[in-house]
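Asker: Quick one: structure below, then a few questions.
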Amino acid sequence: MHLPTLAFAGSLFLTALAVAEEAPVNPQVASVAPTAPVAAAPASPAKELSPAIKKYCAELGKKFHEYRWGDPKCDQYSWEHIRNSSLGTPLMWATFGDEKSEAAANTTLVLCGVHGDEITPVKFCWDLLHELKTNHTFTDKMVVVAPLVTPDSFLKAVPSRTNGRGVDVNRNFPTRDWQAHALKRWRDTYKNDKRKFPGHTPGSEQETVFQMNLIKRYKPNKVITVHAPLTLLDYDGPSLKAESGTTAKILLEQMSQKSSGYKISNYPIFPGSLGNWAGKENHIPTYTLELPNSNNFETDKFWALFKESVMYAIDNRMKPPVD
Ligand SMILES: [Zn+2]
């Protein structure tokens, strides 16, 4: 796998902030040593869960019941867990495929529940987990799923956009424009809207570092992040007009076609957003799927609409970017 993209701008921040766990590989080494010295973690059969994960799964089960989503069967996955949120909730992920094998050359990272009040994406990731667990083999692909990036927001009695410390995790990535613009824009454009507070410093939040470390460790060649309710498919990454963006462009168009022509929109990036950090600065094709709404009764419809699209993206290998 060739991924020169992790050794540039973000690496300074990666080195400074993303110490440890989800990413045991030094990013400067990562581009020449793609096999991370870490245990592969196929999601099946499920391993014994820690008490912390069991507790979390129980809480999640209550939320699923509240939303009439059935049993998440959370205890049937082999979760990886290193880092906790500021409130002590596990930030966990599951992997499908062996990161030490050739399958890792086609790795997709799927992130859901970045904004906890956007509840439909959380169920979407659980539908994806179930699909991956039951209907697929992973000799030629790897999938890393973090189904609930910001659990404290989602698990509240009334879910919120921001995390347990009141930070919008999708404005907290250490992008180059963060220092100059993140807080300024929050004050001037968003009039101190608490829902969009980017934090006091970039990369200050556990949930941000969690996502950065997943990218650093698994070196995905595409990222799919699921939000709601903007009703669009957005792309950030290598220019779609350049040769290096050809595969990314085809994938974007196919994803739209396979979801009944879902609208492709070039939504702007923000200081501290994932699309800015992973897509623009680290050149990893990053697809933001904005579901139509957060209505808990429509999740089956959304999975039916986008299942083929997301599985197509997972199945298809992305050519490495050419710089
Ligand atoms: Zn969102």
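The values are calculated or read from the model by the stated rules, or taken from the named source; none is laboratory data. No experiment lies behind these values; they were computed from the predicted model shown. Virtual Cβ from ideal backbone geometry, glycine too; neighbours counted across all protein chains shown. All accessible areas refer to the heavy atoms of the entire protein, side chains included, with ligands and DNA or RNA removed. Shrake-Rupley method; radii C 1.70, N 1.55, O 1.52, S 1.80 Å.
Asker: Counting just the residues of segment 253-272 that are open to solvent by less than 10 Å² (accessible area, probe 1.4 Å) and free of Cβ contacts under 8 Å to residues at least 60 places away in the same chain, which one comes out farthest from residue 199 (Cα to Cα)?
Answerer: 259
Asker: Count, please, the residues in segment 145-160 that happen to be in contact with a Ser or Thr (Cβ under 8 Å, 6 or more places away or on another chain), part of a loop (DSSP other than H, G, I, E, B) and surrounded by 21 or more Cβ atoms within 10 Å (Cβ to Cβ).
Answerer: So the count comes out to 1.
Asker: Continuing with the same structure: Residues of segment 193-210 being in contact with a helix residue (DSSP H, G or I) (Cβ under 7 Å, 6 or more places away or on another chain) and either more than 16 Å from the ligand (Cβ to nearest atom) or open to solvent by less than 10 Å² (accessible area, probe 1.4 Å) (or both), which ones?
Answerer: Result: 198, 202, 203, 205, 207, 208, 209.
Asker: If you go through segment 90-125, how many residues are under 17 Å from residue 168 (Cα atoms) and away from the ligand (no atom under 16 Å from the Cβ)?
Answerer: 1
Asker: Go through segment 220-250 and count every residue that is buried (at least 22 other Cβ atoms within 10 Å of the Cβ), more than 16 Å from the ligand (Cβ to nearest atom) and over 12 Å from residue 278 (Cβ atoms).
Answerer: Qualifying residue count, segment 220-250: 1.
Asker: Further, regarding this structure: Within segment 235-246, identify whether any single residue is more than 12 Å from residue 318 (Cα to Cα) and of a type in the set (Val, Ile, Thr), and answer yes or no.
Answerer: no
Asker: Just to be sure I understand, how many residues within segment 68-87 are of a type in the set (Gly, Ala, Ser), out of contact with any Asp or Glu (no Cβ under 9 Å at 6 or more places or on another chain) and open to solvent by 10 Å² or more (accessible area, probe 1.4 Å)? Steps first, answer last, please.
Answerer: If we filter segment 68-87 for residues that are of a type in the set (Gly, Ala, Ser), which is where we start, we get 70, 78, 85-86.
Those left that are additionally out of contact with any Asp or Glu (no Cβ under 9 Å at 6 or more places or on another chain): 70, 78.
This time we only want the ones that are open to solvent by 10 Å² or more (accessible area, probe 1.4 Å), so: 70.
Within segment 68-87, residues that are of a type in the set (Gly, Ala, Ser), out of contact with any Asp or Glu (no Cβ under 9 Å at 6 or more places or on another chain) and open to solvent by 10 Å² or more (accessible area, probe 1.4 Å) number 1.
Asker: Something else about it: So how many residues does segment 273-323 have that are open to solvent by less than 10 Å² (accessible area, probe 1.4 Å), part of a loop (DSSP other than H, G, I, E, B) and over 24 Å from residue 132 (Cα atoms)?
Answerer: 2
Asker: Return the pair list, or none, for Cβ contacts closer than 7 Å from residues in segment 218-232 that are touching a residue at least 60 places away in the same chain (Cβ under 8 Å) to residues that are among the small types (Gly, Ala, Ser) and open to solvent by less than 10 Å² (accessible area, probe 1.4 Å), at least 6 apart or on different chains.
Answerer: 219/30; 222/313; 223/278; 224/313
Asker: Given (1) open to solvent by 10 Å² or more (accessible area, probe 1.4 Å); (2) within 16 Å of the ligand (Cβ to nearest atom), where does residue 134 come up short, assuming only one miss?
Answerer: Condition not satisfied by residue 134: (2).
Asker: Turning to a different aspect of this structure: Any residue at all in segment 133-140 that's in a helix (DSSP H, G or I) and in contact (Cβ under 8 Å) with a residue 60 or more places away in the chain? Spell out the reasoning first.
Answerer: First, pick out the residues of segment 133-140 that are in a helix (DSSP H, G or I): 133-135.
Now restrict to residues that are in contact (Cβ under 8 Å) with a residue 60 or more places away in the chain: 133.
Looking for residues that are in a helix (DSSP H, G or I) and in contact (Cβ under 8 Å) with a residue 60 or more places away in the chain, one finds at least one in segment 133-140, hence yes.
Asker: Has segment 169-192 got any residue that is open to solvent by less than 10 Å² (accessible area, probe 1.4 Å), within 16 Å of the ligand (Cβ to nearest atom) and touching a Lys or Arg at 6+ places or on another chain (Cβ under 8 Å)?
Answerer: The first filter runs over segment 169-192 and keeps only residues open to solvent by less than 10 Å² (accessible area, probe 1.4 Å), leaving 169, 172-175, 178, 182.
Now drop any that are not within 16 Å of the ligand (Cβ to nearest atom), which leaves 169, 172-173.
Filter once more, so that each one left must be touching a Lys or Arg at 6+ places or on another chain (Cβ under 8 Å): none.
So far as segment 169-192 goes, no, none of its residues is open to solvent by less than 10 Å² (accessible area, probe 1.4 Å), within 16 Å of the ligand (Cβ to nearest atom) and touching a Lys or Arg at 6+ places or on another chain (Cβ under 8 Å).
Asker: In segment 182-207, what residues are touching a residue at least 12 places away in the same chain (Cβ under 8 Å) and charged (D, E, K, R)?
Answerer: Answer for segment 182-207, where residues must be touching a residue at least 12 places away in the same chain (Cβ under 8 Å) and charged (D, E, K, R): 185, 194, 195, 196, 205, 207.
Asker: Would you please name the residue that is modelled with the lowest pLDDT, looking only at residues in segment 222-260 that are over 24 Å from residue 126 (Cα atoms) and among the small types (Gly, Ala, Ser)? I'd like the intermediate steps shown before the answer.
Answerer: Of the residues in segment 222-260, the ones over 24 Å from residue 126 (Cα atoms) are 236-250, 253.
In the following step, the residues that additionally are among the small types (Gly, Ala, Ser) were identified as 237, 239, 242, 244-245, 248.
Values: 237: 93, 239: 88, 242: 80, 244: 74, 245: 78, 248: 92.
For segment 222-260, the residue satisfying everything is 244.
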